[in-house]
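Below is one structure, written out as structure tokens, with a few remarks after it.
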Amino acid sequence: SDVRAAAGDVPVAPVAMPRVRKATEASVSCVIPALNEARSLRILLPMLIVLLHDAFACLEIIVVDDGSSDDTPEFMSEFCRRDARVRYLQLSRNFGKEAALSAGLELAMGQVVVTMDADLQHPPALIARMVAHWEQGIDMVYAVREARDDERLLKRIGTRLFYFLMKGTGKVRIQPDACDFRLLDRKVVQALCQLPERTRFMKGLYAWVGFRTQAVYYQPDERRFGASSFSLFRLIGHGLQGLTAFTTWPLRVAMFGGMLLAGLALLYGLYVVFEYLMIGNPVRGYSTLIVAQSFLAGIILISVGMVGEYVAHIYEEVKRRPLFIVSRQMGQGLVQGSPRV
Ligand code: UDP
Ligand code: MG
């Protein structure tokens, strides 16, 4: 009945008639989460408008301001006033990139939705290649970074480890190195908006919804202004969140590890008794005791902490707070043809 209930909640995407997908007859929404990116947006938006205007019949560009403290609000309201194809959604504070993305996806109305970073690291020229795949019937096209030579060793090791740990589930395969530069068909957006969880680990959610997907490879450009807001510490937190949202194997590891250790301890105990009774060795081992004691304490704390991660996750979910709060919204959506000047 669980399966039935779940199936009942998620609307099955209507079986589309084999129609030809043509970008020039379709509408597109471009969703851009932005935190203090006014300088980049100034360059990115005009570029995008030209590009999308040529490729699609209708377009809208949604900039989701995730609590910027620079002059993004002024710049964007000015831009919206001049160009009706641009929409501005201001969140009431910084909710994080994942929440900002969700906000944008909820607002987007296009048949095709492109999500990308505001910081000019995602080359807009790649969109043309994504669109070509969509026209061939692919529902989700995602950009995968070709190399990570530009990143620090520690970050690269961390990412490898993360994708290795995430593989533990087997059920949902998260594409390593795929980024949030994606093209989604309306079907996919609808599915994503249906997902009720508060902790939006987008990479996992994209993988979870399925559909026909295709990777395109690219080399990210350098960040021109400002700095990445994802410090190593924040990335670790993000990774833990993804791990607890999409896997349960760490809980089992704790259990099996505990069994293994208990078994070994029992064997060693028997050996010590044997040694004392049969060989007559006095029971030694102050240092063994200390080592074993602290080792076990460490294992126990790690396990408790791991369970704690899951509990925290459950706590976040049961609070049922909204994902984000909107403080201001400008622009009205898909616009055909030339801008209103
Ligand atoms: N971003 C956001 N909210 C945040 C952090 C980042 O909306 O709390 C946006 C940011 O403006 C950018 C994108 O998410 O458009 C990617 O951020 P960043 O470049 O810092 O991440 P990285 O490229 O290092 O993964
Ligand atoms: Mg970036």
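Values quoted throughout were computed directly from the atomic coordinates according to the rules given, and no laboratory measurement underlies them. These numbers were taken from a predicted model, which means no experiment stands behind them. Neighbour counts are summed over all protein chains in view; Cβ atoms, including those assigned to glycine, are modelled from backbone coordinates with ideal geometry.
Before moving on, here are some points about what is shown:
- Within-13-Å neighbourhood charge of GLU222 [Cβ basis; K, R +1; D, E -1]: -3
- Cα-projected label distance for SER327 with GLU275, points at 7 Å along beta-carbon direction, nm: 6.7
- Lysine pairs in the chain whose alpha-carbon atoms fall under 20 angstrom of each other, counting only those eight or more residues apart or on distinct chains, come to 8.
- Per-residue packing, averaged as other Cβ atoms within 10 Å, sorts the ranges 87-97, 261-271, 178-188 into the order 178-188, 87-97, 261-271, beginning with the highest.
- Region 240-341, dipole about Cα centre (Lys/Arg Cβ +1, Asp/Glu Cβ -1), debye to the nearest 20: 580
- Surrounding net charge for LEU154, when Lys and Arg each add one and Asp and Glu each subtract one, Cβ distance under 13 Å: +4
- Cα gyration tensor, region 134-177 - rounded (a/c under 1.5), prolate or oblate: oblate
- Sorted fewest first by neighbouring Cβ atoms within 10 angstrom, MET47, MET306 come out as MET47, MET306.
- Antiparallel DSSP beta bridges within region 62-199, as percent of all bridges there, nearest 5: 65
- Least to most buried among LYS171, LYS155, LYS22 (fewest other Cβ within 10 Å first): LYS171, LYS22, LYS155
- Percent antiparallel among DSSP beta bridges (both partners in the chain, rounded to 5): 40
- Note: relative contact order over the chain, using C-alpha pairs below 8 Å and six or more positions apart, is 26 percent.
- Protection proxy ranking of 118-127, 140-149, by the mean of other Cβ atoms within 10 Å over each peptide's residues and highest first, is 118-127, 140-149.
- Global form of region 238-297, assessed from the alpha-carbon gyration tensor, a/c cut-off 1.5: oblate
- Remark: spin-label model distance VAL50-THR288 equals 7.6 nm, labels positioned 7 Å along the Cα→Cβ axis.
- Mean Cβ count within 10 Å, highest first, over the residues of peptides 52-62, 219-229: 52-62, 219-229
- Summed over qualifying helices (DSSP H, 4 residues or more, each -39500 (n - 2.57)) and divided by its residue number, the chain shows a 222 nm mean residue ellipticity of -15500 deg cm²/dmol.
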